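Q: After the structure tokens below, expect a handful of questions from me.
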Amino acid sequence: MEVLLLDIEAELSIRERGRTAWSEGQFPVAELAYHVALWLQSPQAGHEDFELDSMQAEKGVIRIANSGQGWRIGSVATPDFWTTPVSWDVLVSEIKHFHYSVREGVAAMGVDPAFMLRL
């Protein structure tokens, strides 16, 4: 499973109002989709922040944190940039959309996305 999580890559960016704060052309999107699904399914979801601890990327390259005013997305690569806060429901909806898109992309490659968690 680790090979599939790491070998399925795509361009991933953190953007806010037309500004790209961080972007990587070959990011392990299947691994990110898997880990955010684990986070959403954990009892800590909505109570603890998320930090991607990737086998391939720098720890914290993707972070999701509760700012007290809502949930924000950022990266250790751009520590001074965070997205505008959104509600928990909006964040979950966007994560589910991302997860579904990755699953669709994996299936389009001819790979059974069953190795990824379902949301």
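The values are calculated or read from the model by the stated rules, or taken from the named source; none is laboratory data. What you see is a predicted model, and the numbers here were worked out from it, not measured in a lab. Methodologically, a virtual Cβ is constructed for each residue, glycine included, from the backbone with ideal geometry; neighbour enumeration extends over all protein chains shown. To get the accessible areas, we keep the full protein, side chains included, count just its heavy atoms, and leave off ligands, DNA and RNA. Shrake-Rupley method; radii C 1.70, N 1.55, O 1.52, S 1.80 Å.
Q: With the contact rule set at Cα under 8 Å and sequence spacing of 6 or more, what percent relative contact order holds for the chain? Show your work: numbers first, answer last.
A: Numbers: 164 pairs, mean separation 25.0, N = 119.
Taking the mean separation of contacting Cα pairs over the length of the chain, I get 21 percent.
Q: Only helical DSSP H runs with n ≥ 4 go in: add -39500 (n - 2.57) per run for the chain, normalise by residue count and round the 222 nm mean residue ellipticity to 500 deg cm²/dmol. Could you put the intermediate results ahead of the total?
A: Details: 3 runs with 40 residues, N = 119.
Rounded to the nearest 500, the figure is -10500 deg cm²/dmol.
Q: For helix 29-41, report the angle its Cα long axis makes with the longest principal axis of the Cα atoms of the chain; keep it between 0 and 90° and round to the nearest 10°.
A: 60 degrees
Q: For region 1-64, what is the largest minus smallest coordinate of the Cα atoms on each principal axis, given in angstrom and ordered from greatest to least?
A: Sorted largest first, the three principal extents are 33, 31, 16 Å.
Q: Then there is this: Would you mind telling me the share, in percent, of accessible area of the chain contributed by carbon and sulfur at probe 1.4 angstrom? Could the numbers behind the result be given before it?
A: Numbers: 3250 of 6730 Å².
Carbon-and-sulfur percentage of accessible area, whole number: 48.
Q: Quick one: helix 88-108 against the long Cα principal axis of the chain, what's the angle to the nearest 10°, folded into 0 to 90?
A: The angle comes out near 20 degrees.
Q: Which value, in debye to the nearest 20, describes the size of the charge dipole of region 77-119 about its Cα centre when Lys and Arg Cβ atoms bear +1, Asp and Glu Cβ atoms bear -1, and nothing else is charged?
A: Details: 3 positive and 5 negative charges, 30 e Å.
Dipole size: approximately 140 debye.
Q: Find which of TYR34, HIS47, ILE8 sits farthest along the positive direction of the dipole of region 1-72, computed with +1 on the beta-carbon of Lys and Arg, -1 on that of Asp and Glu, about the Cα centre.
A: Among TYR34, HIS47, ILE8, the one farthest towards the positive end of the dipole of region 1-72 is HIS47.
Q: To continue, here is another question. Would you mind calculating the gained length between LEU117 and THR84 on full extension (0.36 nm times residue separation, minus the Cα-Cα distance), in nm to one decimal?
A: 9.1 nm
Q: Placing +1 at every Lys and Arg Cβ and -1 at every Asp and Glu Cβ, with all other atoms neutral, what dipole size does the chain have around its Cα centre, in debye to the nearest 20? Let's see the in-between values first.
A: Details: 9 positive and 17 negative charges, 80 e Å.
The calculation lands at about 380 debye.
Q: Same structure, new question: Need one word for the chain: rounded, prolate or oblate. Basis is the Cα gyration tensor (sqrt eigenvalues a ≥ b ≥ c); a/c below 1.5 gives rounded, then a/b vs b/c decides.
A: Details: a/c = 1.72, a/b = 1.36, b/c = 1.26.
Cα axes put the chain in the prolate bin.
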